[in-house]
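What follows is one structure encoded as structure tokens, with my remarks underneath.
The values are calculated or read from the model by the stated rules, or taken from the named source; none is laboratory data. Worth saying up front: this structure is predicted, and the values here are computed from it rather than measured. Reconstructed Cβ throughout: ideal geometry from the backbone, glycine too, with neighbour counts over all protein chains shown.
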Amino acid sequence: MDMSTYELYTDGACLGNPGPGGWGYILRHADGLEQISTGGEVSTTNNRMELLAVLEALEGLPRSSRVTIYSDSEYVLKGLNEWMPNWKIKGWKKSNGKPVLNLDLWIRLETQSQRHQLTTHWVKGHAGHPENERVDRLANAEAQKYIT
């Protein structure tokens, strides 16, 4: 069976850190069709929102796929590509021996990284990249919904 191929553009936002937050993604299938989704939380951190944007998209795919992730979050991309393998070896502890922050989300992402063939690309935020600007607007609009 051929694997489906997607481009995934993600962003997270937090108004204050911690504070009200939102995430958004654009998932584009190879045929050009897009799925857009958003979510948020009343009290969260920017890093959690960045991770959730990726997770929500990957977990929503019905089967293993090839996914190219475009993100302006070095936290997500370095975590996925560099830090996570060492965290696992060390029992989900950082190099300083302290527990990994957002462990619940990293464990979910580790599961998705085994399920899908992931490629990552860092995109400079707020630099005119069309999809990055779109997901930034989606994440911020979602975070605004939680302002009381």
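Does Thr45 qualify as being out of contact with any Lys or Arg (no Cβ under 7 Å at 6 or more places or on another chain), within 12 Å of Ala13 (Cα to Cα) and either at pLDDT 95 or above or among the hydroxyl-bearing types (Ser, Thr, Tyr) (or both)? Quick ask: steps written out before the conclusion?
Details: out of contact with any Lys or Arg (no Cβ under 7 Å at 6 or more places or on another chain): yes; within 12 Å of Ala13 (Cα to Cα): yes; either at pLDDT 95 or above or among the hydroxyl-bearing types (Ser, Thr, Tyr) (or both): yes.
So Thr45 passes the test.
Select from the range 103-148 the residues that are in a loop (DSSP other than H, G, I, E, B), surrounded by fewer than 18 Cβ atoms within 10 Å (Cβ to Cβ) and not basic (Lys, Arg) and list them in ascending order.
Once the filter is applied, which keeps residues that are in a loop (DSSP other than H, G, I, E, B), surrounded by fewer than 18 Cβ atoms within 10 Å (Cβ to Cβ) and not basic (Lys, Arg), the range 103-148 yields Gly125, His126, Ala127, Gly128, His129, Tyr146, Ile147, Thr148.
Of all residues in the range 86-102, count the ones that are assigned to a helix (DSSP H, G or I) and within 20 Å of the chain's Cα centre (by Cα).
The initial filter retains those residues of the range 86-102 that are assigned to a helix (DSSP H, G or I), namely 86-89.
From what is left, the residues that are within 20 Å of the chain's Cα centre (by Cα) are 86-88.
Count: 3.
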